[in-house]
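> This is the structure, below, for whatever I ask next.
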Amino acid sequence: MHTLLSLADVPPQTLPARSMMAFTLASHIILVPMGVALPLITLIMHGYGLRRNDATALLLARRWSAVMAVQFAIGVVTGTVLSFEFGLLWPGMLGRWGDVFGIGFGVEAWAFFLEAVLIAVYLYGWRRLPSRTHFLLGLPLPLAALLGAFGILAANSWMNTPRGFTLDSAGNPVDVSVWKAIFTPMFGPQYWHFVVAMFVTAGYVVAGVYAAGWLRGRRDRYHRLGFAVPFTLAAVFTPVQFVLGDSIARQVFHKQPVKFAAMEIVWKTDTHQPEYIYGRLHTDGSVSGGIRIPQLDSILAGFRPDTKVTGLTSVPADDRPTAAQATIAHFAFDTMVFIGSLLVLLALWYAVVWLRRRRLPASPWFYRVAACAGVASVAAVECGWITTEVGRQPWIVYQNMRVAEAVTSTRAGGLWLMFALVIVVYVFVFGSFLLVLLKMRSRWRTSDTAAGPPPETPEADTPYGPRSAGRFL
């Protein structure tokens, strides 16, 4: 059995270790939607360009592939930092449980190397391979990205619902079943919720760039097509994501009732539980602020007002999130749902205009909202991560190992110094990323202007022939 630690026994290293991990994960997850979904978006545009012999579509695909490569390079840096942090900050978890859930990280590593090779081949293929061969060689890219997400989500879902082992007399896992350790009860809901979130987020982020261009008067075919393809993909997946979000919340209600209680700030187990939209939970169980809707939480959990919802007090105080942690998880969860609801309305607006008029919306307000949708969807992804991780506290392996048991013995001062160094490195890395993207944008814009193309076709060349004078990649 694990050692029971009271709140007073939490090591001083815990706060800097958790702060560093939170910062690096929150930074890395900004890149994840593009890493998972941009290959698919690029190949959709690529296929469209080949099918219609559309030079503008092929230009967009080629430029997006360059962005994809730069983003992947930055992800290598942030992902490597995270890999080291798992070992340096949480040796207790890896030392005891690495043989059980480590297979997920192994899968992710193989997917990472495969994706690196495929991106290199795809980039090399422009102007050097026959068009059909080049496109076919790019098709495995989205699958490699999904495989990487499979590995990470397998590890994370195991941490939420650990399975596939038995404990010996010393409390160490034995008789490991790899299959059960990967396909835990939360794996399916978490994986599909995550993957669809990546498609939605990447679609809105890419479309938001061209929505901003539309608002600045760039309304040629290049910007219309650059907006329409990723936005349509995101709009199609948005209602799907809303349904998947409801499904995973219901799975948390059944599989992790205490986490659900934190997400919904439910203090005592009872039926006819009210729903709080925002609101702050206090240590005595009272809730201040927010909007209280009677019985709605029970209805959402079990479709009936008499559904019994487990409260935080169903377990000892040392086995549940604190009132502050529950409030953080609740705020993050409500913000994620709120943003998701707004995105559903935006997708509905787009669908109505398209079905009625067979063209893109013309309202500036639509493009203003669309330009903000990318940032909002990234914020929703961050909130989803906060909900998942904070709601699981104080467990790093749910009901088997506490965060305080897994943390390193390195002195807290050394960890704070390391955290400061990580912040400096990340500011430099993300600043360089932004600088490279801005440089690429300026170069592409100069290329389109210098060659004097007509407004409807920013590039008259196809990527599979010799370049005209003055053309840039």
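Every number here is computed from the coordinates shown, using simple stated rules; none is lab data. Here the structure is a predicted model, which is why all the values come from computation and not from measurement. Positions of Cβ are backbone-derived with ideal geometry, glycine not excepted, and every protein chain shown enters the neighbour counts.
> Report, in whole Å, the centroid distance computed from the Cα atoms of the stretch 76-144 and the stretch 260-307.
41 Å
> On to the next question. Gain in length, residue 375 to residue 192, computed as 0.36 nm per residue apart minus the alpha-carbon separation, to one decimal in nm?
On the way: separation 183, 0.36 × 183 = 65.88 nm, distance 2.14 nm.
Gain on stretching residue 375 to residue 192: 63.7 nm.
> Could you please tell me the mean projected area of the C-alpha convex hull for the chain, averaged over all directions and given in square nanometres to one decimal?
If I average the Cα hull's projected area over directions, I get 24.3 nm².
> Need the full-extension length gain, residue 215 to residue 270, defined as separation in residues times 0.36 nm minus the C-alpha distance. One decimal, nm. Walk me through the numbers on the way to the answer.
Details: separation 55, 0.36 × 55 = 19.80 nm, distance 5.14 nm.
Extending this stretch completely gives an extra 14.7 nm.
> Dimensions of the stretch 213-346 along principal axes (Cα, Å, largest first)?
61, 26, 26
> Of 333, 50, 122, which is farthest on the positive side of the dipole of the chain, counting Cα position, with +1 on Lys and Arg Cβ, -1 on Asp and Glu Cβ, and the Cα centre as origin?
So the residue we want is 50.
> Across the stretch 287-436, what fraction of all alpha-carbon pairs, as a whole percent, falls in each successive 5 Å bin from zero upward?
Over the stretch 287-436, the share of Cα pairs per 5 Å bin runs 2, 7, 9, 11, 15, 15, 12, 10, 8, 6, 3, 1, 0 percent.
> Average the reciprocal distances over every distinct pair of alpha-carbons in the stretch 391-434, invert the result, and give the Kirkwood radius in Å. Please report the intermediate quantities before stating the final value.
Values: mean 1/r = 0.0783 Å⁻¹.
Kirkwood radius, the stretch 391-434: 12.8 Å.
> Whole-Hz ³J(HN,Hα) for each residue in the stretch 407-417, computed from phi via Karplus 6.51 cos²θ - 1.76 cosθ + 1.60 with θ = phi - 60°, x for glycine and proline: what do you get?
The phi angles translate into 5, 5, 8, 4, 4, 4, x, x, 5, 5, 5 Hz.
> For the stretch 83-97, what does the Karplus curve 6.51 cos²θ - 1.76 cosθ + 1.60, with θ = phi - 60°, yield as ³J(HN,Hα) per residue in whole Hz, taken in order and with x for Gly and Pro?
4, 5, 5, 4, x, 6, 8, 10, x, x, 6, 5, x, 8, 10
> How compact is the stretch 83-175 by the rule of thumb for globular proteins, expressed as Cα Rg over 2.2 N^0.38 Å?
The reported ratio for this selection is 1.50.
> Find the Rg to Rh ratio for the stretch 1-148, where Rh is the Kirkwood radius over alpha-carbon pairs and Rg uses the same atoms. Walk me through the intermediate numbers first.
On the way: Rg = 20.2 Å, Rh = 17.7 Å.
Reported Rg/Rh (Cα atoms, Kirkwood Rh): 1.14.
> For the stretch 66-78, take each phi angle, set θ = phi - 60°, evaluate the Karplus expression 6.51 cos²θ - 1.76 cosθ + 1.60, and give the result in whole Hz per residue in order, putting x for glycine and proline.
Karplus values, whole Hz, x for Gly and Pro: 5, 4, 4, 5, 5, 4, 5, 5, 5, x, 4, 5, 5.
> Now a separate question. Relative to the compact-globule scaling 2.2 N^0.38 Å, provide the ratio for the alpha-carbon radius of gyration of the stretch 127-200. Intermediate results must be reported in sequence, preceding the final value.
On the way: Rg = 18.1 Å, N = 74, 2.2 N^0.38 = 11.3 Å.
Scaled against compact globular proteins, the figure is 1.60.
> Enter the mean projected area of the convex hull around the alpha-carbon atoms of the stretch 368-444, in nm², rounded to one decimal.
On the way: hull surface 32.7 nm².
So the mean shadow area of the Cα hull is 8.2 nm².
> Taking a cut-off of 20 Å between Cα atoms, list the lysines near residue 308, but don't count ones fewer than 8 places away on the same chain.
255, 259, 268
> Continuing with the same structure: Using only Cα atoms, locate the centre of the stretch 206-221 and the centre of the stretch 337-355, then give the distance between them in Å, rounded to an integer.
One Cα centre to the other: 19 Å.
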